[in-house]
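Heads up, the thing below is written out as structure tokens.
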């Protein structure tokens, strides 16, 4: 049996052509600060795929998504191996839109940096006196451009997102930008409310959308995973300080603290702890173990 060859490799995912569909495979690779680390994080790919499936099912009443199946029995024979089991998702082909849809319910990270400069995030004026991890009066939509591997995404204003979309889809810039914003906020609000009942704060997340063969907007890529979101334990939440997390922030913090000496490699105990964090988030949100 031949081993499939991906048509595209991202920082974490491999994409395989399957005729009229694609098969997205989440590897155990981990990237921080747009760099792929040399370590693998066991079980990570499985968590990403199964958590995305959970959220795709939960949000299918808001917008259609690209997921067809996560069962390798539905995929060609060469995908029915131990490597692909649990980490693969067969998806509809979409024309992806050139905007990363970021929503922030709490202020932290690059949003806090921008706020400290001039009281705004991506052109949105926020109340005075906010501190690290404060909950925002309402979630805000802060789009960014999509960067190639090795480059950094660029935060942009809503108005700039209209221009970017208009360039690629003449006559549809404002329509698509508005839909992206509204879908992103609706999905976040529903899922953040749900997660809170399970003891997890979703501080922020990133979504991606595309168009199907009929030009309809569809949710693609991954949704609300520890790779694309900041998950905080609700029972430890305390504004004014860095929060504990269930995501790759743990790995980011290690790299920041050991800048210049880590060579983009994590110690084994940090890898193990990262796996534990991902599994714990999955267990809390879905009520099931991997």
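Please treat every number below as a calculation from the coordinates, not as lab data. Predicted model, so just to flag it, every value in this text is computed and none were measured. Every residue, glycine as well, gets a Cβ built from its backbone with ideal geometry; the counts of neighbours run over all protein chains shown.
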For region 95-236, what log10 I(q)/I(0) values come out of the Debye formula at q = 0.13, 0.14, 0.20 1/Å, with one point per alpha carbon and no solvent? -0.57, -0.67, -1.28
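How large is the translational diffusion coefficient of region 195-290 in µm² per second when you combine the Kirkwood radius over alpha carbon pairs with Stokes-Einstein at 20 °C and 1.002 mPa s?
On the way: Rh = 15.2 Å.
Translational diffusion coefficient: 141 µm²/s.
Would you mind ranking 90, 284, 24 so that the residue whose beta carbon has the fewest other beta carbons within 10 Å leads the list?
Numbers: 90 21, 284 16, 24 26.
Fewest to most other Cβ atoms nearby, the residues stand as 284, 90, 24.
Please compute the length gained on full extension between residue 194 and residue 269, using 0.36 nm multiplied by the number of residues separating them and subtracting their Cα-Cα distance.
Numbers: separation 75, 0.36 × 75 = 27.00 nm, distance 3.13 nm.
Net length gain for the segment: 23.9 nm.
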Cα-based Debye curve of region 246-290 sampled at q = 0.26 Å⁻¹ gives log₁₀ I(q)/I(0) of -0.87
Where is the GNM fluctuation largest for the chain (alpha-carbon springs, 10 angstrom cutoff): 176, 16, 83? 83
What residue among 170, 143, 42 has the largest mean-square fluctuation in a Gaussian network model of the chain, using Cα springs under 10 Å? 170
Give me the log10 of I(q) over I(0) for region 19-156 at q = 0.09, 0.10 Å⁻¹, as the Debye formula computes it from C-alpha points; what are the numbers? -0.40, -0.48
Take the alpha carbon atoms of region 143-208, find their center, do the same for region 2-47, and report the distance between the two centers in whole angstrom. 22 Å
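Let me know the shape class of region 96-172, please: from the alpha-carbon gyration tensor, a ≥ b ≥ c as square roots of the eigenvalues, rounded when a/c is under 1.5, otherwise prolate if a/b is greater than b/c, or oblate.
Working: a/c = 2.48, a/b = 1.82, b/c = 1.36.
Because a/c hits 1.5 or more and a/b exceeds b/c, region 96-172 counts as prolate.
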If you build a Gaussian network model of the chain, linking Cα atoms that sit under 10 Å apart, which residue out of 134, 253, 212 swings the most? 253
FRET E, pair residue 61, residue 257, Förster distance 51 Å, beta-carbon r, rounded to 0.05: 0.75
For the chain the mean separation of alpha carbon contacts under 8 Å (6+ apart) over residue count, i.e. relative contact order in percent, is 20 percent
Give me the extension gain from residue 280 to residue 93: residue separation times 0.36 nm, minus the current Cα-Cα distance, reported in nm with one decimal. 64.2 nm
When every alpha-carbon pair in region 79-124 is counted, what percent end up more than 15 Å apart? 65 percent
